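Since the structure comes first, as C-alpha cells, the remarks are kept for the end.
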Amino acid sequence: MNSRKSLLTSTVLNLAALGALPWACFAQPDPNWLDHDRNRPQPPVVAPATPSTPEQAGKAPSDATVLFDGKDLSQWSSLDGSPTKWITRDGYMECVKGSGYIRTRQNFGDCQLHVEWAAPVPAHGEGQGRGNSGVFLGLDRYEIQVLDSYESKTYADGSAGSIYGQYPPLANVCRPPGQWQTYDIVYTAPRFDADGKLLSPVHLTVFHNGVLIQNNVQLTGPTSWLERAPYQPHPEKQPISLQDHGNPVRFRNIWLRELGQSDKKEVASRTAGLTLPTSLLDSYAGKYDSVEITREGSQLVALVGGVKFLMFAESPTKFFAKTTDVQIEFPAGVQGKPDRLIWSVGEGANEAKRTQ
C-alpha cells in the first residue's frame, strides 16, 4: 500500500472512531487492497433469481436460503416453537385467524429477504382491517406492513410497505387484492455493546413490486402501535416472523441471502443458530458436575469455570458460544431432562452428570 493511500485510510478510520463521519457506519472500500488490484479475489458466481408469474412462483438465487418453496412449513413454527396452524395449499401458505404469528426456526441477521404475498379476495373490511399482516425482522420487533392498500385508505405510516408507525412508503404501488405482490427487503440488524448500549440502529431498504419505497431508513427502535418504543438489546441474529392479524393473507416464494457471511457454507450455517422451543431449553437447565445451565429468554446460558456464556443452538442438541470456542451437547433422543451433557473448550470432550 502506498504512503498516500495509507495516510488517507488512517485518517478515515480515525475520524470514524471519533464519530466525526455520519456515514462511518456504512461499508467502506477495503483498505487492504489497491485500486484495481489484480490479485483481489473475484466475487462468487451466483445464478440469479427467476421472476415469478401470477400463476407460478419464481426460483431463488443459487446462494439463497429458501424459507418457503410452496411445499411445506418445515422451516417455520409458532413463536413458542410449537408447530404452526397456518395451512399450505396450491403452492402458498395462508394465515389462519387466531393461530398466532409464525417464525423461522433459524436465526438471521443482516440479509436480503424476498417475500411474495397476496391480500384476500374479495376484499373485505376497511383500513387496518383489510388484508392485514406483516413481515418482521428481529423476531417480532421491526415490521414492514402488509396491507391491502389498493384503493383503500388508512394512516400513512400503517399502509402497505410502511415501516409500521415510523416511515410511510415513498409510493403506494399496491396491486389489486388476490394478485401476487413482492417485497425485496435489505435489513441491517442493530448492534449493541456488552452492556446493552446501542452502537448502531436498524436500517431498512424496501422495494415493493420493484419500486423503491424505503430508502435505507434508520429505525428509532421497535415498531409498535401505540408508542415509540426504545431499543432493547437482543442478539444480532433472530428469527423472521409473519403476523397473524386475523386476515387470510397468503405468502409464497420466501427466500433470503445472508450478507457479510463467511464463504464457507458450514460456518455460515453454524453461526446463524436456531431458536428452539422454550420447553426443550427448560429441560436442559440444571446443575451438572462442572457446568450450570440456565435459560434466559430464548437462549441457554452456560456457567463454565465461573464464566457465563450465551449459547446458540446449532441443532436441537448442540450449542456453541460466539466469544470463546465453548461447545455443549446433550444426548439425542432423551425424553424429559437429560442426565448428562458433553462440554468442551477448544478441544476434547468432557462428560458432566446432572446433580440437580
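Quick notes on this one:
- Looking across segment 58-103, the residues that are over 18 Å from GLU258 (Cβ atoms), hydrophobic (A, V, I, L, M, F, W, C), outside any strand (DSSP E or B) and modelled with pLDDT of 95 or more come down to LEU73, TRP86, CYS95, VAL96.
- Scanning segment 195-215 for residues that are more than 17 Å from the chain's Cα centre (by Cα) and under 29 Å from ARG175 (Cα atoms) yields a count of 9.
- Selection over segment 193-216 of residues that are open to solvent by 20 Å² or more (accessible area, probe 1.4 Å), touching a strand residue (DSSP E or B) at 6+ places or on another chain (Cβ under 9 Å) and at pLDDT 95 or above gives a count of 11.
- Residue that is touching a Pro at 6+ places or on another chain (Cβ under 9 Å) and touching a residue at least 24 places away in the same chain (Cβ under 8 Å), where the choices are PRO248, PRO239: PRO248
- In segment 104-126, the residues that are open to solvent by 10 Å² or more (accessible area, probe 1.4 Å) and either closer than 26 Å to ASP157 by Cβ or outside any loop (DSSP other than H, G, I, E, B) (or both): GLN106, ASP110, GLN112, HIS114, PRO120, VAL121, ALA123, HIS124, GLY125, GLU126
- Only listed residue being out of contact with any Phe, Trp or Tyr (no Cβ under 6 Å at 6 or more places or on another chain) and open to solvent by 70 Å² or more (accessible area, probe 1.4 Å), chosen from GLN299, GLN356: GLN356
- So LEU79, is it open to solvent by 60 Å² or more (accessible area, probe 1.4 Å), under 18 Å from the mean Cα position of the chain (by Cα) and either within 21 Å of ALA118 (Cβ to Cβ) or not charged (D, E, K, R) (or both): yes
- Residue among PRO222, PRO230, PRO248 that is surrounded by 22 or more Cβ atoms within 10 Å (Cβ to Cβ) and either in a loop (DSSP other than H, G, I, E, B) or modelled with pLDDT of 95 or more (or both): PRO222
- Test result for LEU310, among the aliphatic types (A, V, I, L, M), in a strand (DSSP E or B) and out of contact with any Phe, Trp or Tyr (no Cβ under 7 Å at 6 or more places or on another chain): yes
- THR294 meets each of the listed conditions (1) open to solvent by less than 60 Å² (accessible area, probe 1.4 Å); (2) in a loop (DSSP other than H, G, I, E, B); (3) closer than 27 Å to ASP193 by Cβ apart from (2).
- The C-beta contact set for segment 217-235 (first residue aromatic (Phe, Trp, Tyr), second residue modelled with pLDDT of 95 or more, distance under 6 angstrom, 6+ apart or interchain) comprises TYR231/LEU198; TYR231/GLY221.
- The set of residues from segment 310-330 being open to solvent by 30 Å² or more (accessible area, probe 1.4 Å) and free of Cβ contacts under 8 Å to residues at least 40 places away in the same chain comprises LYS318, THR323, THR324, ASP325, GLN327, GLU329.
- Candidates are the residues of segment 34-52 that are aliphatic (A, V, I, L, M) and farther than 17 Å from ASP69 by Cβ; the one that is least open to solvent (accessible area, probe 1.4 Å) is VAL46.
- For segment 144-156, the count of residues that are within 20 Å of the chain's Cα centre (by Cα), touching a residue at least 60 places away in the same chain (Cβ under 8 Å), under 21 Å from TYR92 (Cβ atoms) and crowded, with 17+ Cβ neighbours inside 10 Å is nonzero.
A quick yes/no check of all residues on (1) under 30 Å from THR104 (Cβ atoms); (2) at pLDDT 90 or above; (3) among the basic types (Lys, Arg):
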| site | (1), (2), (3) |
| --- | --- |
| THR294 | yes, yes, no |
| VAL304 | yes, yes, no |
| LYS318 | yes, yes, yes |
| ASP325 | yes, no, no |
| GLU329 | yes, yes, no |
| ARG340 | no, yes, yes |
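- The requirement of being part of a loop (DSSP other than H, G, I, E, B), farther than 16 Å from ARG257 by Cβ and acidic (Asp, Glu) is satisfied by ASP30.
The values are calculated or read from the model by the stated rules, or taken from the named source; none is laboratory data. Owing to the predicted nature of the structure, the values given are computational and were not obtained by experimental measurement. As a convention, Cβ positions derive from the backbone with ideal geometry for all residues, glycine included, and neighbour counts pool all protein chains shown. Heads up: the accessible areas ignore ligands, DNA and RNA and are worked out on the full protein's heavy atoms, side chains in. Shrake-Rupley method; radii C 1.70, N 1.55, O 1.52, S 1.80 Å.
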